[in-house]
Amino acid sequence: MSINKFNILKSNHHKNRNISLILGVLFFSVGIIDFYLNNYFNTNITSFLPRIFNFFTPLIFGVIGLHLIRIEFSGIKILDSLNKNINTTNFNAALSVSIILLIIFGLPPLLNWLIIDANFAGDSKEACTGGGACWVYIKVWFNRFMYGMYPNAEQWRVNVTFIAVLVFMAAGFFVPAKLKNYLSLYYTLILPIISFILIYFIISGGSFGLVWVETGAWGGLSLTFMVSFFSLIFCFPLGMMLALGRRSDLPIVKYSSLSFIEFWRGVPLITVLFMSAVMFPMFLPDGTYVDKLIRVVVAITLFEAAYTAEVIRGGLQALPRGQYDAAKSLGMGYWRMHVFVILPQALKLVIPGIANTFLALIKDTPLIFVVGLLELVGMLNLAKTNPKWLGFSMEGYVFAGIIFWIICYSMSKYSQKLELKYKTDR
Amino acid sequence: MKLKKILPQILTLLFIILVFGFFTMNAQENMGARGLEFGFGFLKTQASFDIQFSLIDYDGSHSYARAYLVGLLNTLLVAFIGIILATLLGAIVGVARLSPNYLIRKTAAFYIEFFRNIPLLLQIFFWYFAALRALPMLEDAPMLLNSSFMTIKGLYTPAPIWTNFDVFFTTIIIAMIIIFFFTRYAKRKQEQEGKRLPVFFISLAIFICLPLLTFLIGGVDLSWSYPVIRQMSQSSYTFDGGLKIPPELIALTLALTLYTATFIAENVRAGIQGIGKGQKEAAASIGLTPNQVLKLVIMPQALRIIIPPTTNQYLNLTKNSSLAAAIAYPDLVLVFAGTAMMQTGRAIEIVGITMATYLTISLGISLLMNWYNKRIAIKEK
């Protein structure tokens with residue numbers, strides 16, 4: 001093996017095993033302890049060495065230590081697996097030691113800041129006396145971060161609507177087998193209408209004795225969900241039509257779909273939002289006013305539809321020709337063939353791709369700040385400038401980062417699971 | 001049968017015409033009401049606003065067209081730096097992801113999962129408003145590498161001062177041309193005689209030696225202007241000389257690089273994993289050295305898988321650089337679709353030009369990619 005080439009001090013021999021083992025562990029520990037003391041107690045136990053080595057002593061000692069314990073077939077199970085995993089060559093050993101040192105260097109201060117020195121109790125800026133993060137800031141502003149400027153007394157309405165929409169979404173999983181065929185119709189047509197009605201009457205209010213809350217006051221994480229939910233639901237049918245259009249034999253249909261897709265894919269979302277904010281009102285008859293939120297949802301829908309179309313086209317292309325030929329030979333027309341044979345199979349293939357698009361969509365929603373809608377990140381920037389709470393931007397961004405990370409990470413894991421589940425071998 | 005083909009097309013056409021017609025009509029009416037006339041004449045008028053950071057000469061007396069150019073160059077600068085750094089980082093992390101070393105593998109995976117799942121805008125804000133704001137003031141900044149200062153106002157580094165830069169630059173281009181022909185010659189020679197020339201080392205020697213020669217005989221000279229701190233008043237300081245890199249550029253480049261590199265790393269991993277073990281074994285069994293296996297067998301095949309999605313990421317990076325507007329880095333969107341539009345009120349023309357610019361970049365790169373893909377595609381018989 002090539003490993004042996006690097007083993008200058010060959011320690012394969014059984015007699016030497018214990019000595020080199022002890023020496024190796026000793027060297028390794030000296031390296032680690034030296035680094036630890038250097039960083040946290042400002043004492044340098046290896047200061048007797050020449051200065052030029054001093055900076056690298058932990059690394060050198062660690063690598064020497066790992067080199068000594070690199071014994072092939074030592075008969076000790078833990079040592080063997082350690083050698084196999086992090087200690088195959090001297091180069092690998094150096095990398096491993098560097099990473100261990102990096103963890104020692106970075107992790108304790110991070111934990112100190114996040115948890116140990118952080119302040120949790122209290123409800124004003126003065127409660128933050130420790131050197132760590134001031135989570136009081138998040139606690140005080142929590143409602144704003146979740147609901148934006150939505151009045152505190154009315155926030156139950158947002159919660160109720162979200163729960164109701166979730167219930168309606170889950171309802172699709174429990175329908176009797178007889179109605180299974182109508183499921184896609186339910187998700188693409190009925191559910192959006194129900195959700196829109198719910199949001200219009202409960203969150204927006206204005207009737208049934210509920211106070212009217214204008215869309216400018218909506219915000220926070222709930223707005224992130226609303227915008228991405230509606231954009232996803234609307235962009236799906238549109239993307240499907242565009243994907244079919246792009247694969248059509250009719251030149252006008254094909255090239256208009258193609259240019260539509262390429263146009264939206266070629267421009268950044270921020271310019272699309274600029275367009276919806278400043279350019280779009282110029283295109284409407286004088287005096288018509290379309291709500292800012294609706295304009296944003298339409299803009300994001302058009303933008304994402306182009307990406308969805310490309311994902312669905314991938315699914316359509318992955319189907320073997322035989323499926324088309326078989327459907328045609330049964331005498332099916334274009335629409336019957338697509339609705340009953342092609343799309344059900346193609347859509348199953350593209351579910352992970354759609355999930356990825358949705359993930360990108362959620363990560364893109366903070367951009368709506370350019371038109372003045374403040375979801376979570378926008379609210380953070382607003383809270384940061386509040387004179388009573390200056391200097392806590394770090395806490396805010398870390399908080400938002402954790403929330404977005406949890407959402408996106410769990411979704412990406414779920415989509416990977418789906419990918420395995422729907423993998424059909426052909 | 002014929003009707004079935006023509007009718008949908010006519011309907012599509014009609015729909016498009018109706019929508020466009022409706023919009024154009026309204027736009028004309030609205031602009032008329034505001035006393036504006038559609039046209040690009042405003043580009044020649046004086047912009048009269050300042051831009052913080054510019055690669056070319058610019059001040060308020062220049063035209064809007066010049067301001068557009070400044071913005072475009074700033075966008076391209078961020079995209080260019082970001083693409084290079086993201087490629088390097090992505091390639092390293094992608095290879096590290098497949099390392100036999102458990103710690104390296106997990107660190108790479110942690111990095112990818114961490115930076116990929118946080119919105120880019122949030123990352124930009126984090127670097128700009130939280131991390132870079134924690135840097136020291138000008139007067140307290142420690143000196144890095146005996147020459148640079150990392151301060152809250154940006155990074156101050158030595159600036160190169162060239163004499164006869166054009167001679168130097170021309171030599172570099174000449175060196176590249178020579179290398180190009182030399183590589184072709186070496187390849188032909190190998191095909192004819194079976195002899196391999198040390199192409200890489202000779203190319204490197206040409207690339208380094210030729211430009212260096214100009215220092216001796218071409219009259220080229222390079223000196224550095226170091227940043228020196230100067231006290232302006234009781235509490236305000238400034239740096240004289242040197243090159244100032246604004247914190248907006250640093251934050252933006254950092255965020256774009258770290259974010260995009262995660263995607264590139266995954267592409268690299270997929271590319272390397274996509275090559276069958278048999279390829280490596282077959283190559284080794286005909287007597288190629290490990291380096292040759294990597295260079296002649298693995299890389300050409302892996303690149304075929306890696307390059308198309310990576311180009312997509314380059315495009316994404318370029319488009320994402322428009323988020324610069326959020327931290328006031330003067331890129332195309334901020335300068336042109338922001339300030340210039342506020343001043344002129346010409347929403348349609350300016351948003352149109354901005355979109356058309358991005359579209360041109362995207363479509364240009366796409367076309368280039370398609371051409372490249374066709375060239376490297378495996379020619380099946």
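The values are calculated or read from the model by the stated rules, or taken from the named source; none is laboratory data. A quick note: this is a predicted structure, and the numbers were derived from the prediction, not measured. Neighbour counts run over all protein chains shown; Cβ positions are idealised from the backbone, glycine included. In case anyone asks, the SASA skips ligands and DNA or RNA and just uses the protein heavy atoms, side chains included. Shrake-Rupley method; radii C 1.70, N 1.55, O 1.52, S 1.80 Å.
Taking the numbered list (1) of a type outside the set (S, T, N, Q); (2) facing another protein chain (nearest Cβ under 10 Å); (3) crowded, with 18+ Cβ neighbours inside 10 Å in turn, B:GLY90 passes all entries but (2). The residues of the stretch B:337-357 that are in contact (Cβ under 8 Å) with a residue 24 or more places away in the chain, at the interface with chain A (Cβ under 10 Å from one of its Cβ atoms) and part of a helix (DSSP H, G or I), listed by number, are B:ILE348, B:GLU349, B:THR357.
Contact map, the stretch A:352-364: residues that are within 11 Å of chain B (Cβ to nearest Cβ) paired with residues that are β-branched (Val, Ile, Thr) and not in a helix (DSSP H, G or I), Cβ distance under 9 Å, separation 6+ or inter-chain. Pairs shown: A:LYS363/B:ILE118. Taken as a whole, the stretch B:13-26 holds at least one residue that is open to solvent by less than 30 Å² (accessible area, probe 1.4 Å) and not β-branched (Val, Ile, Thr).
The lone criterion from (1) of a type outside the set (Phe, Trp, Tyr); (2) closer than 30 Å to B:LYS244 by Cα; (3) within 12 Å of chain A (Cβ to nearest Cβ) left unmet by B:GLN52 is number (3). The residue that is surrounded by the fewest Cβ atoms within 10 Å (Cβ to Cβ), counting only those in the stretch A:46-73 that are of a type in the set (A, V, I, L, M) and at pLDDT below 70, is A:ILE52.
Just one residue in the set B:LEU77, B:LEU122, B:LEU138 is at the interface with another protein chain (Cβ under 10 Å from one of its Cβ atoms), open to solvent by less than 50 Å² (accessible area, probe 1.4 Å) and more than 24 Å from A:LEU102 (Cα to Cα); that residue is B:LEU122.
Is one or more of the residues making up the stretch B:299-311 within 12 Å of chain A (Cβ to nearest Cβ), part of a helix (DSSP H, G or I) and either closer than 27 Å to A:LYS363 by Cβ or open to solvent by 50 Å² or more (accessible area, probe 1.4 Å) (or both)? Checked against the condition, which is being within 12 Å of chain A (Cβ to nearest Cβ), part of a helix (DSSP H, G or I) and either closer than 27 Å to A:LYS363 by Cβ or open to solvent by 50 Å² or more (accessible area, probe 1.4 Å) (or both), the stretch B:299-311 yields no hits at all.
Here the condition is being more than 30 Å from A:GLU419 (Cα to Cα), more than 14 Å from chain B (Cβ to nearest Cβ) and exposed (fewer than 14 other Cβ atoms within 10 Å of the Cβ); of A:PRO320, A:PRO387, A:PRO344, it holds for A:PRO387 alone. A residue that is in a helix (DSSP H, G or I) and either buried (at least 18 other Cβ atoms within 10 Å of the Cβ) or within 13 Å of another protein chain (Cβ to nearest Cβ) (or both) can be found somewhere in the stretch B:288-295.
Among residues of the stretch A:275-289 that are facing chain B (nearest Cβ under 8 Å), those with a beta-carbon under 7 Å from a residue that is aromatic (Phe, Trp, Tyr) and surrounded by fewer than 18 Cβ atoms within 10 Å (Cβ to Cβ) at least six positions away or on a different chain give the pairs A:PHE283/B:PHE23. Can you find a residue that is charged (D, E, K, R), within 13 Å of chain A (Cβ to nearest Cβ) and closer than 16 Å to B:ILE92 by Cα anywhere in the stretch B:316-325? No, that holds for no residue.
Taking the stretch A:74-90 as the range and being within 13 Å of chain B (Cβ to nearest Cβ) and either open to solvent by less than 40 Å² (accessible area, probe 1.4 Å) or in contact (Cβ under 8 Å) with a residue 60 or more places away in the chain (or both) as the test, the residues that pass are A:ASN83, A:ILE86, A:ASN87, A:THR88, A:THR89, A:ASN90. Looking only at the stretch A:246-261, residues that are surrounded by fewer than 22 Cβ atoms within 10 Å (Cβ to Cβ) and either of a type in the set (Gly, Ala, Ser) or within 15 Å of A:THR301 (Cα to Cα) (or both) come to 4 in all.
Taking (1) open to solvent by less than 70 Å² (accessible area, probe 1.4 Å); (2) touching a Leu at 6+ places or on another chain (Cβ under 7 Å) in turn, B:ILE51 satisfies each apart from (2).
Contact map, the stretch B:19-39: residues that are outside any helix (DSSP H, G or I) paired with residues that are open to solvent by 50 Å² or more (accessible area, probe 1.4 Å), Cβ distance under 8 Å, separation 6+ or inter-chain. Pairs shown: B:PHE38/B:GLN28. Using the structure shown, decide if A:ASN119 is at pLDDT below 80 and either within 13 Å of another protein chain (Cβ to nearest Cβ) or in contact with a helix residue (DSSP H, G or I) (Cβ under 6 Å, 6 or more places away or on another chain) (or both). Taking the combined requirement at face value, the residue satisfies it.
Note on the stretch B:100-119: among residues that are open to solvent by less than 20 Å² (accessible area, probe 1.4 Å) and polar (S, T, N, Q), the one that is farthest from A:LEU367 (Cα to Cα) is B:ASN101.
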